[in-house]
Amino acid sequence: MRRLKQRVFEIINKAENGDRASAIFDWTIMILIALSILTIILDSFQVIHDKFQAAFQIFEIITVIVFTFEYMLRIWTADLLYPEAKHPRLKYCFSFMAIIDLLAILPFYLPFFSADLRFLRMMRLFRLFRLLRVFKLGRYFEALHVIVKVIKASGPQLVMSVVICFFVMLFSAIIMYEVENPVQPEQFPNVLSSLWWAICTLTTVGYGDVYPITVVGRFFASVISLVGIGIIAIPTGIIAAGFNQIISKEQDKDSIEAMTDDDLLVLQGKLNKQLSKRGYISVISKTEEEDKGADKLCLTNNCTTTLRSGT
C-alpha cells in the first residue's frame, strides 16, 4: 500500500522526465479543464443550450467525477507532500490549490442540498486556476516567484502609495462637491458620489458621465487630472524599480554560477585586493604550501580563506 501511495503521488504531481503516466494525467486534467470552461461559454448561448443541454450535463458529471477523484487522491497522499507536518491532510485542505479544487467541484454538489443555488455554477470558473498546477513549467514558476518577491520587497512603499492615492481622491471629491454641488446637485449630491468622479479622473478613465461645468470646477479638475498621472506613476515606478533590482541580482547570481574555476579565482583575487584597500587583511592558510604573493587565491578543499579587519 505504501508503494502504491508513492506511485499515485508521483503521477498526480509534477511529471518527471520519462514518466508517461504522470504526463498523461497532466494532459488529461488540462484538457478537461479547457473543455469545462468551453462548455460554460457555449452554454451561455440559448440556441446551443437548447440543442446540447443533455450532452453538457453528461460532460459535467464526468468532469466532476474526475476532479472529485483527483481531490480525494491528493488528500490521501498529503502525508507525502507534507512529510514534516503534524496534520498533513488538514494542512493540504487549507492550502490555496486545495481550496480551488474544492470550489471547482462544490457547485455541482450544493444543489442536492438546496433548491435554488444556480448562481453557484459561476464558481466553476475557479477550474481555470487549476491550470497553474497542470502547466508545471519551471520557468513560469520562477517568473511568478520573482513577482511575489518584488511585491513583498516593495510592500511598505506600495501600501503608502495606496494611502496617498486614497487621500488625494478623497480631497478631490470634497473639493468638487463644494464647487459643483450648488450648480449640479444631481451629479454631485454628496462626497461619496463625488468620489466616483475623483476615481475616474485620477485613474485617467474619465467615463464622461459626470464632469464639472463651472470655471473653478474645471480648473480644479485639470489640476486633479495632472496629479492623477503622477499618482498612478508612483506604484508603477516602485514595482519597476523592484523588478530591476531583483532581476539584476538574479542575473549576477547566474553569471557567477556560470563562471569557470579560473574565472572565479581571478574574481576572488580582485575582491581580495579591493578588500585589502578598505582595511581588511586576507589570511590564506594551506596545508601543503604557502604562496603569499599569489594574485589568485586558492579554491581547493585543502585551502581556507578568512578575512579580518585590519584595524
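The values are calculated or read from the model by the stated rules, or taken from the named source; none is laboratory data. Owing to the predicted nature of the structure, the values given are computational and were not obtained by experimental measurement. Positions of Cβ are backbone-derived with ideal geometry, glycine not excepted, and every protein chain shown enters the neighbour counts.
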The stretch 29-47: number of residues that are in a helix (DSSP H, G or I) and either of a type in the set (S, T, N, Q) or in contact (Cβ under 8 Å) with a residue 60 or more places away in the chain (or both)
8
L4: passes all of (1) more than 31 Å from the chain's Cα centre (by Cα); (2) closer than 18 Å to F108 by Cα; (3) aliphatic (A, V, I, L, M) but (2)
Unique match (being farther than 23 Å from L102 by Cβ and either touching a residue at least 12 places away in the same chain (Cβ under 8 Å) or touching an Asp or Glu at 6+ places or on another chain (Cβ under 7 Å) (or both)) among D19, D50, D26:
D19
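Listed here are the residues, each with its yes/no results for (1) surrounded by 13 or more Cβ atoms within 10 Å (Cβ to Cβ); (2) part of a helix (DSSP H, G or I); (3) among the polar types (S, T, N, Q).
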| site | (1), (2), (3) |
| --- | --- |
| K51 | no, yes, no |
| F56 | yes, yes, no |
| V66 | yes, yes, no |
| E70 | yes, yes, no |
| R74 | yes, yes, no |
| L80 | yes, yes, no |
| K86 | no, no, no |
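This table checks each residue for (1) modelled with pLDDT of 65 or more; (2) surrounded by 14 or more Cβ atoms within 10 Å (Cβ to Cβ); (3) closer than 30 Å to I151 by Cα.
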residue	(1), (2), (3)
I239	yes, yes, yes
F243	yes, yes, yes
D252	yes, no, yes
N272	yes, yes, no
L299	no, no, no
Would you confirm whether any residue within the stretch 131-140 is at pLDDT below 80 and over 28 Å from S22 (Cα atoms)?
no
Just to check your reading of the model, which residue among I199, I164, I213 is under 26 Å from I238 (Cβ atoms), free of Cβ contacts under 8 Å to residues at least 60 places away in the same chain and touching a helix residue (DSSP H, G or I) at 6+ places or on another chain (Cβ under 8 Å)?
I199
Inter-residue pairs, beta-carbon under 8 Å, first over 11 Å from F9 (Cα atoms) and in the stretch 59-88, second among the polar types (S, T, N, Q) and crowded, with 17+ Cβ neighbours inside 10 Å, 6+ apart:
F59/S36; F59/T39; E60/S36; E60/T39; T63/S36
